[in-house]
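Notes to accompany the following structure.
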Amino acid sequence: MTTQEWKFTAKEIAEKPDQFLSGHRACAGCVPATVLKLVMKATRGPTIVTEATGCMEVVSSIYPYTSWSVPWIHTAFETAAANAAGIDAALKALKRKGQLKEHVDIIAFAGDGGTYDIGFQALSGAVERGHDFLFVLYDNEGYMNTGIQRSGGTPIGAATTTSPAGKVVPGKLQHKKPITDIMVAHGIEYVATASPYYWKDLLTKVRKGLEVEGPAFLHVLAPCPRGWRSEPADSIYYSKLAVETCVFPLWEAINGQYQLSTPSKLIALAPQKKKPVTEYLNGQGRYRHLFKPQGKAILDEIQRWTDDRWAKLLKKCVEEQKT
């Protein structure tokens, strides 16, 4: 993997032609749409995109219209990674036959349902086989496209249509699946987390992932005002608060070696800057039941779990720096 640190300027990004175009049908305040636009701003040359069924597929490809200016393939909910693997195999075959000279990057997009759950088998298999592609998870923490059902990426305590908050059950009972750590465990060269608020960090990580000769994985938090029951104008703000509370810290693992990205590194250096999780949860309607007296135990558990995960991440980063 290249050691070059890409320095994307606002002017450079603004002047680069969009590859994910306006005119799509995303909801007001939809951060997944912003994520796709930013990711495509970081491409380095010819690119093919494959996308699983989900919010972003639906809003960007309602026949006969499309928001994509690059070759784009819609695939089933569970097969974004399998499709990327097939594209990779086809491109390599064309190169062997001398019918393709230039390098073509492959990006697979999927939401949390198509990554944590339905698409995990295909993702794990494609990564294990070593196919050359960047998998981008836009994580809005639920099956938002099909009715706001809970997924493996939905946090504990969140109310969804299949984990409703009531007098007996306080929303989802399980924590998020640690998908990024699971991908690191696959032994791939590059795994990272990103937030659209820190757009330069996101763009840099996209470029790093594309430059890997093999599979790379990027996990991007993508608030959904419809599913989170939050104000559309606050969507990007929540992607910032998630980092500041360490609910979603920013880091990357290069060949299994963990290191904090700058926004989270600043919190590690000045722990007093770490905000309580209630600042992040407040204002999201999916958590409003937790701010009643009976929800205090779940709030305490979310804070405990967040602090524990943050401490473990810091330990991983310190240990890797020593090796």
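The values are calculated or read from the model by the stated rules, or taken from the named source; none is laboratory data. All values reported here derive from a predicted model rather than from experimental measurement. No Cβ is skipped: glycine too gets one built from the backbone with ideal geometry, and neighbour counts run over all protein chains shown.
A few comments on the model shown:
- Selection of region 133-170 for residues being surrounded by 21 or more Cβ atoms within 10 Å (Cβ to Cβ), over 18 Å from THR180 (Cβ atoms) and of a type in the set (D, E, K, R) yields only ARG150.
- A single member of LEU314, LEU299 is closer than 21 Å to GLY171 by Cα and either in a helix (DSSP H, G or I) or among the small types (Gly, Ala, Ser) (or both), and it is LEU299.
- Scanning region 187-225 for residues that are assigned to a loop (DSSP other than H, G, I, E, B) and out of contact with any Pro (no Cβ under 9 Å at 6 or more places or on another chain), we see that the one that is farthest from TYR287 (Cα to Cα) is GLU213.
- When restricted to residues that are aliphatic (A, V, I, L, M) and without any contact (Cβ under 8 Å) to a residue 40 or more places away in the chain, region 162-181 contains 3.
- Boolean, SER261 is closer than 22 Å to GLY209 by Cα and small (Gly, Ala, Ser): yes
- Check on VAL58, of a type in the set (Val, Ile, Thr) and either surrounded by fewer than 22 Cβ atoms within 10 Å (Cβ to Cβ) or within 12 Å of ILE107 (Cα to Cα) (or both): yes
- Residue match in region 75-87 (condition: under 25 Å from MET183 (Cα atoms), touching a Phe, Trp or Tyr at 6+ places or on another chain (Cβ under 7 Å), buried (at least 18 other Cβ atoms within 10 Å of the Cβ) and not aliphatic (A, V, I, L, M)): no
- Residue list for region 1-43, filter: of a type outside the set (A, V, I, L, M), part of a helix (DSSP H, G or I) and modelled with pLDDT under 95: LYS11, GLU12, GLU15
- Count - residues of region 44-64 that are part of a loop (DSSP other than H, G, I, E, B) and under 17 Å from the mean Cα position of the chain (by Cα): 2
- Any pair with Cβ under 8 angstrom, 6 or more apart, that starts in region 42-60 at a residue that is farther than 21 Å from PRO17 by Cα and ends at one that is in a loop (DSSP other than H, G, I, E, B) and of a type in the set (D, E, K, R): ALA52/GLU78; VAL58/ARG25
- Filtered by the rule that a residue be surrounded by fewer than 16 Cβ atoms within 10 Å (Cβ to Cβ) and either modelled with pLDDT of 95 or more or under 23 Å from the mean Cα position of the chain (by Cα) (or both), region 305-323 gives ASP307, ASP308, ALA311, LYS312, LYS315.
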